[in-house]
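Structure, as structure tokens:
The values are calculated or read from the model by the stated rules, or taken from the named source; none is laboratory data. A quick note: this is a predicted structure, and the numbers were derived from the prediction, not measured. A quick note on method: Cβ atoms are made from the backbone with ideal geometry, for glycine too, and the neighbour counts reach across all protein chains shown.
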Amino acid sequence: MKQVLLLLCRGVEIYEAAAFYDVLGWSGTYGIEPVKVVTVGLQTEVQGTFGIRIIPDKVIVAVQAEEFEALAVPGGFEIYGYYEEAYSEPVANLIHRFEELGKPIASICVGALPLANSGILKERRGTTYHLREGVRRKQLAEFGVNVVDAPIVQDGNVITSTSPATAMGVAFELLARITSIENSHHIQRMMGFKQEREDSSAIKEGFQ
């Protein structure tokens, strides 16, 4: 069974983490090809946005990237301490290792910033949170990223996006990459996001 590592930093945006967990979880139960999500944090307990507490499956020092098919990186809130862990050396090393192995790395919203901090997005295309006068996009550009004004941006093995509103789209795209487009469409239909009568061109538009 393929495994995806879901990174949970302090201050993680729970909806973004849940989008990865739910879509991949649906594939694990109802998919053409099963997938297992393994959560990882820097501590044995992670406090996310708005005070929610999460117990990750693993701590980061015990993780071997070789055991996983892909890395999923939700964003988080600065006021809840997101960047304190997201910009840490253990996180940068983990991201860099997945990049070295050429494995898919998918981020949502400001999850692009720890990717950029690790160095893997330098001189590559990417995007991040677009509101609040574009402050996060300016930060992304400071890391040497070619910032693109689009909801979801893909450059090689890396997926970045603009906001929580893109979370499900990113999760479905990651599922397509690690299993198949057929399986991703199947799970979309199972979850009610795609009707049988929709043609493939409509789905393609959803991932632009």
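Quick one: would you say residue 159 is part of a strand (DSSP E or B) and either of a type in the set (Ser, Thr, Tyr) or modelled with pLDDT of 95 or more (or both)?
yes
Please work out which one of (1) modelled with pLDDT of 95 or more; (2) out of contact with any strand residue (DSSP E or B) (no Cβ under 7 Å at 6 or more places or on another chain) is the condition residue 152 fails and give its number.
(2)
With the checklist (1) surrounded by fewer than 20 Cβ atoms within 10 Å (Cβ to Cβ); (2) on the phi < 0 side of the Ramachandran plot in hand, flag the one item residue 119 doesn't pass.
Residue 119 satisfies all of (1) surrounded by fewer than 20 Cβ atoms within 10 Å (Cβ to Cβ); (2) on the phi < 0 side of the Ramachandran plot except (2).
Any residue at all in region 90-106 that is under 22 Å from residue 163 (Cα atoms), at pLDDT 95 or above, in a strand (DSSP E or B) and out of contact with any Lys or Arg (no Cβ under 7 Å at 6 or more places or on another chain)?
Scanning region 90-106 turns up at least one residue that is under 22 Å from residue 163 (Cα atoms), at pLDDT 95 or above, in a strand (DSSP E or B) and out of contact with any Lys or Arg (no Cβ under 7 Å at 6 or more places or on another chain).
Step by step: first the residues of region 149-188, then only those that are buried (at least 21 other Cβ atoms within 10 Å of the Cβ) and out of contact with any helix residue (DSSP H, G or I) (no Cβ under 8 Å at 6 or more places or on another chain), then the one that is nearest to residue 100 (Cα to Cα). Which residue is that?
Residue satisfying both the conditions and the ranking: 178.
Filter region 125-140 for residues that are closer than 15 Å to residue 108 by Cβ, of a type outside the set (D, E, K, R) and part of a helix (DSSP H, G or I) and give the result.
140 - this is the single residue of region 125-140 that is closer than 15 Å to residue 108 by Cβ, of a type outside the set (D, E, K, R) and part of a helix (DSSP H, G or I).
Of everything in region 12-46, what is outside any helix (DSSP H, G or I) and under 12 Å from residue 183 (Cβ atoms)? Give them in sequence order.
The answer is 31, 32, 33, 34, 35.
Is there a residue in region 51-65 that is in a helix (DSSP H, G or I), more than 25 Å from residue 172 (Cβ to Cβ), within 18 Å of the chain's Cα centre (by Cα) and touching a residue at least 12 places away in the same chain (Cβ under 8 Å)?
Looking for residues that are in a helix (DSSP H, G or I), more than 25 Å from residue 172 (Cβ to Cβ), within 18 Å of the chain's Cα centre (by Cα) and touching a residue at least 12 places away in the same chain (Cβ under 8 Å), one finds at least one in region 51-65, hence yes.
Go over the candidates 167, 150, 176 one by one and state the one that is within 16 Å of residue 30 (Cα to Cα) and out of contact with any Gly (no Cβ under 6 Å at 6 or more places or on another chain).
Matching residue, one of 167, 150, 176: 176.
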